[in-house]
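Here is the structure we will look at, set down as structure tokens.
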Amino acid sequence: MTEKSRFDFSQLSPGFEFPAESYILDESTIKDYLQATGDNSNLYRQRSLAPPLAVAALAMAALSEKITLPPGTIHVSQELVFCGMVFAGDRITCSSKVSRKVDRGGLRLMSTDITVTNQDGKTVLTGKVGFVLPDMEKISG
Amino acid sequence: MENSFRELKVGFELPALKKKVRQEDINLYAKASRDFNPIHIDEEFARQTPAGGTIAHGMLVLAYVSQMMTDVFGENWLESGELNVRFKTPARPGDNLTVSGKVKKCIEENTCFTVTCDVLCANEKGETVISGETVVRVKKDENRC
């Protein structure tokens, strides 16, 4: 991902759709994820399942690779709905769209809807992520 | 946690999950999630920010909440879980976190029970790291709440 393909907060408006990104959730990524989160559940290993938050994390990665947010931006809220299980080796496609943007009186908020589908086109996860951005006018003095 | 399915009712407290935040886990999480924001992994950079040091990814801490739900509800959670949370305070390396939850609604539907829980992740100082709500549909043949 080059800097050219990143979008700045000022360029975005409600309804803006970021280019979709696809990933293969391989065994190795799932293993690293389970180790990082200290999750020893046999459920994932026995059925080669991916934890839904691993899927959500990649959806967030797809979004963060396409947007430039100023230092001090805070991820304040997260909604997620798990619509279907994801298995090791599945190819997931992560899409995101700006659903709300407030930029007035020093208040800068942005909400983005995320959708993840699998290789069959089935939606496996949806959600909404909320950011609060710093007031750049205050920061710059 | 199959036995707990029979015990589920309003006020039921989900078994708490305890986690220690470690920098090596944050680093590994950065790799698995492709989130290499230096605020999480670069101590020198993070020291110069208002955070004053590295902080865990919010999604890593949220994974602990999901883990507690999976421990209790198994595949029901993976197939039908819903989360709605707010990140209140960052978690830092060395923090001891406790994830807890309590059933606040249990509604019978045709084929399942819809169980709504309040969830909380707090550090050892009692500060809320994450708070919110989860919803899970538990198939009737697995639950007697």
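The values are calculated or read from the model by the stated rules, or taken from the named source; none is laboratory data. For clarity, every value in this text was computed on a predicted model and none was experimentally measured. Cβ atoms come from the backbone with ideal geometry, glycine included; neighbour counts cover every protein chain shown.
Remarks
- Which listed residue, of A:G121, A:G106, is farther than 27 Å from B:R137 by Cα, small (G, A, S) and surrounded by fewer than 18 Cβ atoms within 10 Å (Cβ to Cβ): A:G106
- Every condition in (1) among the polar types (S, T, N, Q); (2) in contact (Cβ under 8 Å) with a residue 40 or more places away in the chain; (3) crowded, with 21+ Cβ neighbours inside 10 Å is met by B:T98 except one, and the failing one is (3).
- Matching residues in segment A:1-43 - criterion: being within 17 Å of B:M59 (Cβ to Cβ) and either hydroxyl-bearing (S, T, Y) or facing chain B (nearest Cβ under 7 Å) (or both): A:Y23, A:T29, A:D32, A:Y33, A:Q35, A:A36, A:T37, A:G38, A:D39
Results for (1) surrounded by 18 or more Cβ atoms within 10 Å (Cβ to Cβ); (2) within 24 Å of B:L97 (Cβ to Cβ); (3) out of contact with any Asp or Glu (no Cβ under 8 Å at 6 or more places or on another chain), shown as yes or no for each residue.
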residue	(1), (2), (3)
A:S5	no, no, yes
A:G15	no, no, yes
A:I24	no, no, no
A:A54	yes, yes, yes
A:K66	no, no, no
A:F82	yes, yes, no
A:F87	no, no, yes
A:R91	no, no, yes
A:K97	no, no, no
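- Matching residues in segment A:85-98 - criterion: being in contact with a Phe, Trp or Tyr (Cβ under 8 Å, 6 or more places away or on another chain) and either at the interface with another protein chain (Cβ under 10 Å from one of its Cβ atoms) or within 22 Å of A:R45 (Cα to Cα) (or both): A:R91, A:I92
- Within segment A:78-102, residues that are more than 22 Å from A:E65 (Cα to Cα) have Cβ atoms under 8 Å from residues that are among the basic types (K, R) and surrounded by fewer than 18 Cβ atoms within 10 Å (Cβ to Cβ) in these pairs: A:C83/A:K122; A:G84/A:K122; A:F87/A:R47, counting only partners at least 6 apart in sequence or on another chain.
- Residue within segment B:48-69 that is buried (at least 18 other Cβ atoms within 10 Å of the Cβ), at pLDDT below 95, over 20 Å from A:K128 (Cα atoms) and not β-branched (V, I, T) present: no
Matching residues to (1) out of contact with any strand residue (DSSP E or B) (no Cβ under 9 Å at 6 or more places or on another chain); (2) within 21 Å of B:S131 (Cα to Cα):
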{"residue": "A:D32", "(1), (2)": "yes, no"}
{"residue": "A:T37", "(1), (2)": "no, yes"}
{"residue": "A:N42", "(1), (2)": "yes, no"}
{"residue": "A:A50", "(1), (2)": "no, no"}
{"residue": "A:A56", "(1), (2)": "no, yes"}
{"residue": "A:S95", "(1), (2)": "no, no"}
{"residue": "A:R100", "(1), (2)": "no, no"}
{"residue": "A:V116", "(1), (2)": "no, no"}
{"residue": "A:F131", "(1), (2)": "no, yes"}
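- B:S131 meets all of the listed conditions (1) among the small types (G, A, S); (2) farther than 30 Å from A:Q46 by Cβ; (3) more than 10 Å from the chain's Cα centre (by Cα) but one, namely (3).
- Verdict on A:V132 being surrounded by fewer than 18 Cβ atoms within 10 Å (Cβ to Cβ), within 11 Å of another protein chain (Cβ to nearest Cβ) and either modelled with pLDDT under 90 or over 20 Å from B:F73 (Cβ atoms) (or both): yes
- Selected residue (criterion: farthest from B:T70 (Cα to Cα)) from residues of segment A:85-136 that are assigned to a strand (DSSP E or B) and of a type in the set (G, A, S): A:S99
- Which listed residue is assigned to a strand (DSSP E or B), within 14 Å of chain A (Cβ to nearest Cβ) and modelled with pLDDT of 95 or more, from B:C121, B:C117: B:C121
- Of all residues in segment A:26-41 being free of Cβ contacts under 8 Å to residues at least 24 places away in the same chain and part of a helix (DSSP H, G or I), the one that is surrounded by the fewest Cβ atoms within 10 Å (Cβ to Cβ): A:S28
- Residue satisfying all of: in segment A:44-84; of a type in the set (S, T, Y) and assigned to a helix (DSSP H, G or I); farthest from the other protein chains (Cβ to nearest Cβ) among these: A:Y44
- Any chance A:G15 is touching a Leu at 6+ places or on another chain (Cβ under 9 Å), not aromatic (F, W, Y) and not in a helix (DSSP H, G or I): no
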